[in-house]
Amino acid sequence: FVCSIDPGTDPYCRQELDTIKTALDSAGIWRETQEWRISTWFCSTIERKARDGADWYHVSVECDGQVLACRCPNPEKAFAFYKLYCHTIVYQFYSIGPPWADNRVFRP
């Protein structure tokens, strides 16, 4: 999976990372909403925040009532987690369903 999101080898990912870095440089925050399934949206944010005298990047991806989030030391790592979280949510949806659905996971 990581190879497929590498900005060093994928021109689309390079452009997306550059867009994120430009937003972080100008406003300190990047936000995007993306519909990945009918009426199902990612709300993604990367925000620069100072911590102990250094810049850190808070990443969050919200979808279907859940939030995956972390802090990263640089925009590149934040980009990797943003992409990983989106991928994880899609995989989860198709393998065990969304968190709000009572689809009897691990129950007879």
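Quick notes on this structure:
- Subset tally (residues that are out of contact with any helix residue (DSSP H, G or I) (no Cβ under 7 Å at 6 or more places or on another chain) and either charged (D, E, K, R) or within 13 Å of V90 (Cα to Cα) (or both)) for region 39-66: 10
- Complete set of residues in region 66-90 that are among the basic types (K, R) and part of a strand (DSSP E or B): R71
- Test: residue in region 101-108 that is over 18 Å from K21 (Cβ atoms) and at pLDDT 95 or above: no
- Scope region 1-33; condition free of Cβ contacts under 8 Å to residues at least 40 places away in the same chain and either closer than 25 Å to D64 by Cα or part of a strand (DSSP E or B) (or both); matching residues: S4, I29, W30, R31, E32, T33
- Complete set of residues in region 1-58 that are basic (K, R) and at pLDDT below 95: R37, R51
- Which numbered condition A23 misses (of (1) surrounded by 11 or more Cβ atoms within 10 Å (Cβ to Cβ); (2) within 15 Å of the chain's Cα centre (by Cα)): (2)
- Within region 42-65, tally of residues that are surrounded by 14 or more Cβ atoms within 10 Å (Cβ to Cβ) and either small (G, A, S) or assigned to a strand (DSSP E or B) (or both): 14
- If you go through region 84-108 and keep only what is in contact (Cβ under 8 Å) with a residue 12 or more places away in the chain and over 21 Å from T9 (Cβ atoms), you end up with T88, I89, V90, F93, P98, P99, W100.
- Any hit, region 68-83, residues being out of contact with any strand residue (DSSP E or B) (no Cβ under 8 Å at 6 or more places or on another chain), without any contact (Cβ under 8 Å) to a residue 12 or more places away in the chain and surrounded by 11 or more Cβ atoms within 10 Å (Cβ to Cβ): no
The values are calculated or read from the model by the stated rules, or taken from the named source; none is laboratory data. For clarity, every value in this text was computed on a predicted model and none was experimentally measured. Every residue, glycine among them, receives a Cβ derived from its backbone with ideal geometry; neighbour counts consider all protein chains shown.
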